[in-house]
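Colleague: I'd like to ask you about the structure that follows.
The values are calculated or read from the model by the stated rules, or taken from the named source; none is laboratory data. Just so it is clear, the model here is predicted, and its values are computed rather than measured. Positions of Cβ are generated from backbone atoms using ideal geometry, with glycine treated the same way; all protein chains shown enter the neighbour counts. Calculation scope for accessible area: heavy atoms of the full protein, side chains included, ligands and nucleic acids excluded. Shrake-Rupley method; radii C 1.70, N 1.55, O 1.52, S 1.80 Å.
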Amino acid sequence: GDSVTQMEGPVTLSEEAFLTINCTYTATGYPSLFWYVQYPGEGLQLLLKATKADDKGSNKGFEATYRKETTSFHLEKGSVQVSDSAVYFCALAYGGSQGNLIFGKGTKLSVKP
Amino acid sequence: DTGVSQNPRHKITKRGQNVTFRCDPISEHNRLYWYRQTLGQGPEFLTYFQNEAQLEKSRLLSDRFSAERPKGSFSTLEIQRTEQGDSAMYLCASSLSALAQETQYFGPGTRLLVL
């Protein structure tokens, strides 16, 4: 079945460091891909998304490119801030009768000043 | 647009008791989803509604679980005869349509603890 695998956390970085959180997926079709973020004490919110191969999603300095050939959707940011400390979830969805999101386990990021 | 709301935010109950959670989606959102999240895991799909019709249920949704969305507005999730394994965060999400790229907006969740 379809699944999402994320790199194990927690990830601890210093402020202004480069961030990569790896995400790979197994899909029977051609899903849309998402990154959701959960800040401490808050609900899940969409960070970015990409709907087809080679699309790049971006938001708040974060980027991820839908790579069909490597079945990946890695999250990157050039310079992290303390305020980026959160749990990041990679997910896929097909829409229609299979509209539910399939999530990875999440990666906790801590950014130290 | 006030976002997705869920009530209660926290629920502590004793094993064997019934509990009911409520979700109010963003108005005019046709799709409503329920997920369950346990510690250290990503959310897992439970069920979803298209308007008032419940179209899909996960195998995680045992017979003790029931969900409704009367009139296609708010939804309730009831767990009968709760077990300690039901302890989790229950998340509700809504989206405007069934398109694959449609954003799902999540509520803050209801955290259930079964003693």
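Colleague: So, in the range A:45-62, of the ones that are within 13 Å of another protein chain (Cβ to nearest Cβ) and part of a loop (DSSP other than H, G, I, E, B), which residue ends up most open to solvent (accessible area, probe 1.4 Å)? I'd like the intermediate steps shown before the answer.
Modeller: As a first pass, look at the range A:45-62 and keep what is within 13 Å of another protein chain (Cβ to nearest Cβ): A:45-52, A:55, A:57, A:59.
Within this subset, residues satisfying the condition of being part of a loop (DSSP other than H, G, I, E, B) are A:51-52, A:55.
On the way: A:51: 54, A:52: 119, A:55: 41 Å².
Looking at residues that are within 13 Å of another protein chain (Cβ to nearest Cβ) and part of a loop (DSSP other than H, G, I, E, B), I get A:52.
Colleague: I'd like to verify a number: residues in the range B:47-59 that are open to solvent by less than 70 Å² (accessible area, probe 1.4 Å) and at the interface with chain A (Cβ under 9 Å from one of its Cβ atoms), how many? Before the answer, list the steps.
Modeller: So in the range B:47-59, the residues open to solvent by less than 70 Å² (accessible area, probe 1.4 Å) come out as B:47-51, B:53-54, B:58.
Those left that are additionally at the interface with chain A (Cβ under 9 Å from one of its Cβ atoms): B:47-48, B:50, B:58.
Here the count works out to 4.
Colleague: Please identify the pairs in which a residue from the range A:11-27 that is open to solvent by 40 Å² or more (accessible area, probe 1.4 Å) has its Cβ atom under 7 Å from the Cβ atom of a residue that is basic (Lys, Arg) and not in a loop (DSSP other than H, G, I, E, B), counting only partners at least 6 apart or on another chain.
Modeller: Between residues of the range A:11-27 that are open to solvent by 40 Å² or more (accessible area, probe 1.4 Å) and residues that are basic (Lys, Arg) and not in a loop (DSSP other than H, G, I, E, B), the close pairs are A:12/A:112; A:14/A:112; A:15/A:112.
Colleague: Applying the selection to the range A:28-56, what residues are within 10 Å of the chain's Cα centre (by Cα) and free of Cβ contacts under 8 Å to residues at least 60 places away in the same chain?
Modeller: Those that are within 10 Å of the chain's Cα centre (by Cα) and free of Cβ contacts under 8 Å to residues at least 60 places away in the same chain: A:33, A:35, A:37, A:46, A:47, A:48, A:49.
Colleague: Return the residue satisfying two criteria in turn: it lies in the range B:8-30 and is of a type in the set (Val, Ile, Thr) and open to solvent by 60 Å² or more (accessible area, probe 1.4 Å), and of such residues it is farthest from residue B:96 (Cα to Cα). Before you say what the answer is, go through the steps one by one.
Modeller: The initial filter retains those residues of the range B:8-30 that are of a type in the set (Val, Ile, Thr), namely B:12-13, B:19-20, B:26.
Still in the list and also open to solvent by 60 Å² or more (accessible area, probe 1.4 Å): B:12, B:20.
Values: B:12: 32, B:20: 25 Å.
Here the residue is B:12.
Colleague: A follow-up question, please. Scan (1) facing chain B (nearest Cβ under 9 Å); (2) out of contact with any Gly (no Cβ under 7 Å at 6 or more places or on another chain); (3) surrounded by 17 or more Cβ atoms within 10 Å (Cβ to Cβ) for the single condition residue A:30 breaks and write down its number.
Modeller: (3)
Colleague: Within the range B:36-46, take every residue that is under 20 Å from residue A:108 (Cα atoms) and either in contact with a Leu (Cβ under 7 Å, 6 or more places away or on another chain) or open to solvent by less than 20 Å² (accessible area, probe 1.4 Å) (or both) and give me the one that is farthest from the other protein chains (Cβ to nearest Cβ). If you could, list the steps in order and put the result at the bottom.
Modeller: If we filter the range B:36-46 for residues that are under 20 Å from residue A:108 (Cα atoms), which is where we start, we get B:36-44.
Restricting the remaining residues to those that are either in contact with a Leu (Cβ under 7 Å, 6 or more places away or on another chain) or open to solvent by less than 20 Å² (accessible area, probe 1.4 Å) (or both) gives B:36-37, B:42-44.
Details: B:36: 11, B:37: 9, B:42: 3, B:43: 5, B:44: 7 Å.
Filtering first and then ranking leaves B:36.
Colleague: Restricting to the range B:60-115, give me the number of residues that are within 13 Å of residue B:24 (Cα to Cα), open to solvent by 50 Å² or more (accessible area, probe 1.4 Å) and in contact with a Phe, Trp or Tyr (Cβ under 9 Å, 6 or more places away or on another chain).
Modeller: Of the residues in that region, 1 qualify.
Colleague: Suppose we filter the range B:1-25 for residues that are modelled with pLDDT under 95 and in contact with an Asp or Glu (Cβ under 6 Å, 6 or more places away or on another chain); how many remain? First the steps, then the outcome.
Modeller: Pass one, the range B:1-25, residues modelled with pLDDT under 95: B:1-3.
Going one step further and asking which of them are in contact with an Asp or Glu (Cβ under 6 Å, 6 or more places away or on another chain), we end up with none.
So the count comes out to 0.
Colleague: Another question, then. Listed residues A:42, A:16; which is charged (D, E, K, R), modelled with pLDDT under 95, over 23 Å from residue A:97 (Cα atoms) and not in a strand (DSSP E or B)?
Modeller: Just one listed residue meets the conditions, A:42.
Colleague: Out of the range B:36-93, which residues are in contact with a Cys (Cβ under 8 Å, 6 or more places away or on another chain) and of a type in the set (Phe, Trp, Tyr)? Quick ask: steps written out before the conclusion?
Modeller: First, pick out the residues of the range B:36-93 that are in contact with a Cys (Cβ under 8 Å, 6 or more places away or on another chain): B:74-77, B:92.
Scanning the range B:36-93 gives a single hit, B:74.
Colleague: A further question follows. For the range A:103-113, how many residues are touching a strand residue (DSSP E or B) at 6+ places or on another chain (Cβ under 7 Å) and either more than 7 Å from chain B (Cβ to nearest Cβ) or surrounded by fewer than 16 Cβ atoms within 10 Å (Cβ to Cβ) (or both)?
Modeller: Here is the first cut: in the range A:103-113, the residues touching a strand residue (DSSP E or B) at 6+ places or on another chain (Cβ under 7 Å) are A:103-112.
Filter again for either more than 7 Å from chain B (Cβ to nearest Cβ) or surrounded by fewer than 16 Cβ atoms within 10 Å (Cβ to Cβ) (or both), leaving A:107-112.
Adding up the residues that qualify gives 6.
Colleague: Same structure again: If I ask for residues that are of a type outside the set (Asp, Glu), over 14 Å from the mean Cα position of the chain (by Cα), in a loop (DSSP other than H, G, I, E, B) and at pLDDT below 95, which ones from the range B:68-115 would you list?
Modeller: Matches in the range B:68-115: B:96, B:97, B:98, B:99, B:100, B:101, B:103.
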